[in-house]
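The block underneath contains the structure these notes are about, expressed in structure tokens.
The numbers here are math on the coordinates, done by the rules we state, and not lab data. Given the structure is predicted, the values throughout are model-derived calculations rather than measurements. We place every Cβ from the backbone using ideal geometry, glycine too, and count neighbours over all the protein chains shown.
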Amino acid sequence: MTKPLILVDNPAPLVRRLTMNRPDKRNALSNELRGELYGALEAGDRDPDVRVMILRGAGSCFSAGYDLSREGGRQELPYQSSGGAGQWARHVVEGCFKIWDLAKPVIAQVHGWCLAGGSELATACDLVYVAQDAQIGYPPVRMMSPPDNQFHAWLCGLRPAMEMMLTGDEISGAEAVRVGFANRAFTADRLEAETLAIAERIAKIPSDVQQMNKRSVHRAMEIMGLRAAIRAGTEIQALALTTQSSRETFGKFKDGVTKGLDARDAAFEDYRTKS
């Protein structure tokens with residue numbers, strides 16, 4: 001029997017919790033997993049007995065990013081998306097805005113690795129609570145491209161965003177709070193309880209009021225240009241994939257994703273190459 005990719009439970013009244021369930025793959029975001037996730041989020045948004053949702057990962061981490069394996073690459077996109085150059089980045093952003101546009105708040109509960117597409121997924125959520133020792137980064141900027149969902153400047157500001165883009169280095173959960181990626185950081189053993197406590201406070205407010213509260217913040221960001229800027233970023237990401245370095249990086253994946261990632265990070269001695 002195939003195990004479910006998304007586990008669903010209700011840990012408290014009016015609180016729905018979704019757990020990405022590929023712990024053996026560090027919750028790599030296959031298209032199949034993302035399709036189930038969007039379906040579960042939309043189901044929670046329609047459910048009158050749900051006022052807030054929590055998203056987390058099973059096992060050692062939140063998510064190490066998109067599934068770059070051959071199996072993951074053969075899967076169809078999780079929802080219809082216009083084709084042509086830049087389709088991947090556009091569809092990622094459309095997925096993030098699917099979460100953004102839900103009526104009910106979504107909380108990301110982040111522990112362990114939160115890398116690349118995993119970090120994009122977390123930032124699509126309304127609130128982000130992290131373990132102090134979480135490891136958050138976007139290493140593909142080293143040899144491939146900038147993010148599909150270019151949230152860094154909006155959340156973190158010019159200087160922190162530029163440093164993350166020019167190094168690909170990870171930041172800790174505590175640093176993520178300081179630069180604005182996350183709301184609060186807790187010790188790993190307290191993260192689940194503290195996140196649930198916040199969700200329970202949010203659930204005290206009726207959904208018809210809460211969706212207006214959520215939308216008011218989003219509209220302010222959109223007036224400042226967030227939605228247009230992130231959509232424009234998909235064109236830069238698509239262009240980056242045409243560079244020689246990016247093409248060479250994807251070529252290395254033919255010998256295995258792990259070897260390709262090791263080649264990318266070995267000179268920096270971090271991520272999976274950390275000694």
Gain upon complete extension [Asp133, Arg227; 0.36 nm per residue less C-alpha separation] = 30.8 nm
message = If I model a spin label at Leu239 and Leu158 as a point 7 Å from the Cα along the Cα→Cβ vector, what separation in nanometres do I get?
response = 2.1 nm
ask   = Summing +1 for each Lys or Arg and -1 for each Asp or Glu, what net charge is found among the other residues whose Cβ lies under 13 Å from the Cβ of Ser172?
value = -4
message = Based on C-alpha coordinates, I'd like the Rg and Dmax of region 1-155, in Å.
response = 14.8, 46
request  = Once every Cα of region 170-275 carries one equal point scatterer and solvent is ignored, give the base-10 log of I(q)/I(0) from the Debye formula at q = 0.12, 0.14, 0.18 Å⁻¹, two decimals.
outcome  = -0.81, -0.99, -1.10
query = Among all the lysines, which ones have a C-alpha under 28 Å from Lys252's C-alpha, if same-chain residues fewer than 8 places away are not counted?
reply = Lys25, Lys274
ask   = Using the beta-carbon distance between Asn183 and Glu42 and R0 = 25 Å, what value does 1/(1 + (r/R0)^6) give for FRET efficiency, to the nearest 0.05?
value = 0.55
note = HN-Hα couplings for region 80-90 via Karplus (6.51, -1.76, 1.60; θ = phi - 60°), in whole Hz with x for Gly/Pro, come out as 4, 8, 4, x, x, 4, x, 4, 4, 5, 4
20 °C / 1.002 mPa s Stokes-Einstein diffusion coefficient of the chain, Kirkwood radius on C-alpha pairs, µm²/s = 113 µm²/s
remark   = The extension gain from Ala103 to Glu200, computed as 0.36 nm times the residue separation minus the Cα-Cα distance, is 33.2 nm
Long-range amide H partners of Gly57 with built H, under 5 Å = Met20, His111
